[in-house]
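The values are calculated or read from the model by the stated rules, or taken from the named source; none is laboratory data. Worth saying up front: this structure is predicted, and the values here are computed from it rather than measured. Don't worry about glycine lacking a Cβ; one is built from the backbone with ideal geometry, like all the others, and counts go over all protein chains shown.
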Amino acid sequence: MADELVRRVLGLPPDLQSTSLLSGAGLDEVVAALDLRAGQVLLDLAGGRGGYGLEIARRSGCRVTGVDFSAVATEQARHRAQTLGVGGSSRFPGG
Ligand SMILES: C[S@@+](CC[C@H](N)C(=O)[O-])C[C@H]1O[C@@H](n2cnc3c(N)ncnc32)[C@H](O)[C@@H]1O
C-alpha cells in the first residue's frame, strides 16, 4: 500500500519499487542525461530493491549492477529482475 501511494504521487511506473523521491519526470531526465546504451553497465549504489536501476535498464537496454547492504532488498531486486526479463543482464550481489 505504501509502495502504491508513493508511485501514484510521484507518477512512477506501476511496478517500480522505490523508497526515494525521484518522480517519473525526474526519472525521464535521468534516463536522458545518462544516455546509456545496450552493453553499458549502470552501477546502482545503495540501489535498494533495484526500482530505479531496473527501470533505467528496461528503458535503455543497459546492464545493471545493484549494490545494497540489505540482503532482503537485493533478493527482492533479483526477483524483480527475473520478472522483468532482465535477470540475465543484471547483478545484485549479496544476500
Ligand atoms: C532511501 S533507500 C534508497 C534505495 C534506492 N536507491 C531507491 O531509490 O529506491 C537507501 C538505501 O541505501 C542502502 N544503504 C545505506 N547505506 C549503505 C551502505 N553503506 N552500503 C550499501 N547500501 C547502503 C539501504 O539499505 C537502502 O536500501
Of the listed residues (Arg49, Arg58), the one being of a type in the set (D, E, K, R) and more than 20 Å from Gly94 (Cβ to Cβ) is Arg58
Of Arg59, Arg37, the only residue that is touching a Cys at 6+ places or on another chain (Cβ under 9 Å) and among the charged types (D, E, K, R) is Arg37
Filtering the stretch 14-27 for residues that are away from the ligand (no atom under 12 Å from the Cβ), under 20 Å from Ala81 (Cα atoms) and at pLDDT 90 or above leaves a count of 1
Checking Arg59, Arg63 in turn, the sole residue that is at pLDDT 95 or above, in contact with a helix residue (DSSP H, G or I) (Cβ under 7 Å, 6 or more places away or on another chain) and more than 15 Å from the ligand (Cβ to nearest atom) turns out to be Arg63
Heads up, the helices (runs of 4 or more DSSP H) in the stretch 2-95 (entirely inside) with at least 1 residues that are without any contact (Cβ under 8 Å) to a residue 12 or more places away in the chain and not aromatic (Phe, Trp, Tyr) are 2-10, 24-34, 71-84
Of the listed residues (Ala71, Ala46, Ala33), the one being at negative phi, within 11 Å of the ligand (Cβ to nearest atom) and surrounded by fewer than 20 Cβ atoms within 10 Å (Cβ to Cβ) is Ala71
